[in-house]
């Protein structure tokens, strides 16, 4: 059999063998990128380590050198998403320094843009919470911490905006945020309920802070 007639499966195995030489830090980066794409799009439970390894272009041994188990890879994925999420949050708030009511409003304006992108899959933390039924599971506990941290920021800004009841305003805005995430998956990205969110947020903020408009 000539080289040109080498079976495709053998060629694929050869490519995987070459890719297995990826160095540790680089392998970890590739694995996290692959896990982030696959876990977010298809679900943590659905995606196995073989799929992550294949997407990352490394072998399974490389994965277990970086992560002791799939659970550890899931936690690394959540940490990465947590950092990304609060980067979005703080970038929104930074657009109106010293104006907390506008900071709260801006977050909804920006959230609607993200939730209107084709193939948007909603909040990765909500998705993970749905997949892990046990509230004591480390992944669920991570989700709780993420949401608690967001709520603390909403309370902080609601207080700075002189809301009559900062916790009540933060709770209402938190519910609206989760509604955007859910609507993106049930009605679809960019749907009417999502597009209505900034106006509803403005009404909540204005009512709580004694303003005619939050913008």
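The values are calculated or read from the model by the stated rules, or taken from the named source; none is laboratory data. Everything numeric in this text was worked out from a predicted model, so none of it was measured. Cβ atoms come from the backbone with ideal geometry, glycine included; neighbour counts cover every protein chain shown.
One line per residue, one yes/no per condition, for (1) over 21 Å from residue 160 (Cα atoms); (2) surrounded by 13 or more Cβ atoms within 10 Å (Cβ to Cβ):
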| position | (1), (2) |
| --- | --- |
| 68 | yes, no |
| 97 | no, no |
| 103 | no, yes |
| 109 | no, yes |
| 116 | yes, yes |
| 122 | yes, yes |
| 125 | yes, yes |
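Scan the helices (runs of 4 or more DSSP H) fully inside region 101-205 and keep the ones with 2 or more residues being more than 18 Å from residue 79 (Cα to Cα).
In region 101-205, the matching helices (runs of 4 or more DSSP H) lie at 138-160, 166-186.
Which of (1) more than 30 Å from residue 160 (Cβ to Cβ); (2) assigned by TED's automatic domain parsing to the domain that holds residue 196 is the odd one out, the single condition residue 86 does not satisfy?
(1)
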